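Student: This is the structure, below, for whatever I ask next.
The values are calculated or read from the model by the stated rules, or taken from the named source; none is laboratory data. Since the structure is predicted, the reported quantities are computational estimates derived from the model, not experimental observations. Backbone-built Cβ (ideal geometry, glycine too); neighbour counts: all protein chains shown. Surface accessibility is based on the protein's heavy atoms, side chains included, excluding ligands, DNA and RNA. Shrake-Rupley method; radii C 1.70, N 1.55, O 1.52, S 1.80 Å.
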Amino acid sequence: MIQNSKWLVAAKQYPSTTVLIVLSALGWIMVSINYSFSVRHLSFILGGDYWRLLTPIFLHFGIAHFAFNSIWLSMLGSRIENVLGPIHLMLLVVFSGLISNVSQFWWTGAPNFGGMSGVIYALLGYLWVGNILAPRAGLELPSGIFGFMIGWLFLCMTPLLPAVLGIGIANAAHVGGLFCGMITGLAFGIVLRLRGEP
C-alpha cells in the first residue's frame, strides 16, 4: 500500500530534506523545459529581487546533476535533520546557499549558474568540524566520505571534468559552501562545548 511506502515514510521522517529534493526536481524540470527562462527568472541577478540570492541552489542542469546532488543531500541533510531537527537543517541550507551563491557570483561575475553543490559542501564541512569539536551520535560522517568529497572538489577545479562533461562547474560555490559549513560547524561546536553538552 502507498501508506507504507518507504518513500512516504522517509518523507515524513525527513520533511526538510524531502522539500529540498522536491524543489530541486522542480528546478531541474524548469531548466529542462526552458533553460533561458529558468536562468533569467530564477537565478541570482542584481536587481532587487533578493530571493534570487538563494534560488540558484534549486536549478539543476541535467538528470545526473540533480541525482548526484540529491543523493548527497539525502545522505548528509538527513543526518542533520534527524539529530538537530528540520528547522536547523533549513536554516543551515538557507545560510550556506546564500554564501555559496554570492561566492560564485563574486568570483565569476556571471549570474548563470545553479545547483545544490555549494550547500552539499557546506553540510560536509559543518558535520566534519562540528563532530571534531562536539561529537554527537548520528552526526558522524561515513568513513571515507570527507576524503572523497575533497578529492572531487579538487578534480572539479581541473580542466578535465569541464572538458569531459562539456559544462562549467561552480567551483567558487563549492569552496564558499565548504568554508561556510566549516565556520558554522566551528561556531556550533563551540556553543555546545560552552554549554557542556556532549
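Student: Just by accessible area at a 1.4 angstrom probe, what is the order of 55, 17 from largest to smallest?
Tutor: Ranked from most to least accessible, the order is 55, 17.
Student: Per residue, how much accessible area does the stretch 70-164 show when a 1.4 Å probe rolls over the protein heavy atoms, in square angstrom?
Tutor: On the way: 4280 Å² over 95 residues.
Solvent-accessible surface per residue comes out at 45 Å².
Student: Sticking with the crude label model, points 7 Å out along Cα→Cβ, report the distance from residue 157 to residue 195 in nm, one decimal please.
Tutor: Going from the residue 157 label point to the residue 195 one covers 3.5 nm.
Student: Further, regarding this structure: Per 0.36 nm of contour for each residue apart, how much would the distance between residue 187 and residue 26 grow if the chain were fully extended, relative to their Cα-Cα spacing?
Tutor: Working: separation 161, 0.36 × 161 = 57.96 nm, distance 3.31 nm.
Length difference between fully extended and current span is 54.7 nm.
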